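Colleague: I'd like to ask some things about the structure below.
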Amino acid sequence: MSRATYFKVDVDVKMSNSLLNKWIMTRIKILEWLGFQLIDFNYVETEKGYHFWFGVNGNFSPKTIAETQFLLGDDQTRCRFNFLTLDAKPFHEFNCLVNKKL
Amino acid sequence: MSKRKTVTVVDADTGNEIVAFIRRGRCYMYLRHPQTKRFIKRLKKVELRIFKVLDYDVKAHPIYADFSARWILSCNELMVREKAERDIEDAIDLAIQSKFGKGLRDLSEYAGLEYGSRLIGVEDVTTFDAVWKHRKKAKPRKRRWLI
């Protein structure tokens with residue numbers, strides 16, 4: 001059985017419950033349109049906004065992960081650095097959602 | 001009677017909770033769903049990752065670098081996570097100093113740390129990675145109006 005791949009999305013905007021619900025549903029539609037099969041979903045509220053994890057079936061290349069995170073509305077600075085680290089070897093090490101700021 | 005201690009951290013890889021507790025003298029570590037609180041699987045080890053950023057934006061020689069260090073923690077080590085977090089801060093500083101010098105170590109800033117249930121690297125005690133490049137300002141493209 002293949003391991004799920006998680007797309008990590010960082011949003012630095014606080015949303016009301018109804019808007020958050022709409023936001024999540026539109027992300028699920030985007031994933032469906034792109035042909036991914038969603039199998040797990042989690043989110044955590046942070047100081048500035050939210051961290052989202054979308055788990056999909058299958059293993060995907062770092063390029064696909066970086067592009068899909070961008071299409072899902074990830075923080076644009078984070079996307080820029082993700083695209084830069086694509087050229088370097090350790091992409092997964094730097095595709096991080098920092099839980100605790102130092 | 002001693003108070004039962006439970007450590008809960010967010011798993012940065014899946015968004016679930018990593019929960020560690022001691023029962024009858026043995027340490028247990030599980031991946032738990034944050035809403036339903038159902039245990040998903042038992043964990044033997046977790047990964048503690050720390051990130052530092054160097055953003056040296058001077059005109060002549062701009063440079064950007066990302067540093068990350070990863071430690072593999074057992075259940076007992078996660079129970080005293082404050083100590084592990086302090087130690088890994090010292091370890092990444094030492095690694096940057098030994099590879100790039102004291103100057104870069106002092107210029108870099110802590111970005112943060114996270115815990116992960118999926119071990120990225122080999123099961124080594126300490127691993128260290130760095131991505132860095134000289135920043136180049138991209139020239140704006142010439143606009144072509146196709147009318």
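Colleague: Quick one: if you stick a label point 7 Å off each Cα along the C-beta vector at A:K22 and A:F41, how many nm between them?
Modeller: Result for the modelled spin labels: 1.6 nm.
Colleague: Continuing with this model, one more query. Once you keep just the Cα pairs under 8 angstrom separated by 6 or more residues, what percentage relative contact order results for the stretch B:6-134?
Modeller: 30 percent
Colleague: Roughly how big is the stretch A:4-82's charge dipole about its Cα centre, with Cβ charges of +1 (Lys, Arg) and -1 (Asp, Glu), in debye to the nearest 20?
Modeller: It works out to roughly 140 debye.
Colleague: With the cut-off at 26 Å, tell me which of the pairs A:K29/B:K41; A:K8/B:K52; B:K5/B:K44; A:K8/A:K48 have Cα atoms farther apart than that. Before the final figure, lay out the partial values.
Modeller: Numbers: A:K29/B:K41 29 Å; A:K8/B:K52 20 Å; B:K5/B:K44 18 Å; A:K8/A:K48 16 Å.
Beyond 26 Å: A:K29/B:K41.
Colleague: If you keep only loop residues by DSSP, which trypsin sites (Lys or Arg not before Pro) in the stretch A:12-79 have at most 12 other Cβ atoms within 10 Å of their Cβ? Can you show the working numbers first?
Modeller: Working: sites: A:K14, A:K22, A:R27, A:K29, A:K48, A:K63, A:R78; in loops: A:K14, A:K48.
Qualifying residues, ordered by number: A:K48.
Colleague: Please compute, for peptide B:110-117, the average count of beta-carbon atoms on other protein chains lying within 10 Å of each residue's beta-carbon. Numbers along the way, then the final one.
Modeller: Numbers: counts 3, 4, 7, 6, 5, 2, 3, 0.
Whole-number average of other-chain Cβ neighbours for B:110-117 is 4.
Colleague: Counting other Cβ atoms within 10 Å, keep those with at most 15, restrict to DSSP loop, and tell me which trypsin sites (Lys or Arg not before Pro) in the stretch B:31-64 are left.
Modeller: On the way: sites: B:R32, B:K37, B:R38, B:K41, B:R42, B:K44, B:K45, B:R49, B:K52, B:K59; in loops: B:K37, B:R38, B:K44, B:K59.
Within the stretch B:31-64, the qualifying trypsin sites (Lys or Arg not before Pro) (loop, at most 15 other Cβ atoms within 10 Å) are B:K37, B:R38, B:K44, B:K59.
No value in this document is a laboratory result; all are computed from the given coordinates. None of these values were measured; they are calculated from a predicted model. Cβ: placed from backbone, ideal geometry, glycine included. Neighbour counts: every protein chain shown.
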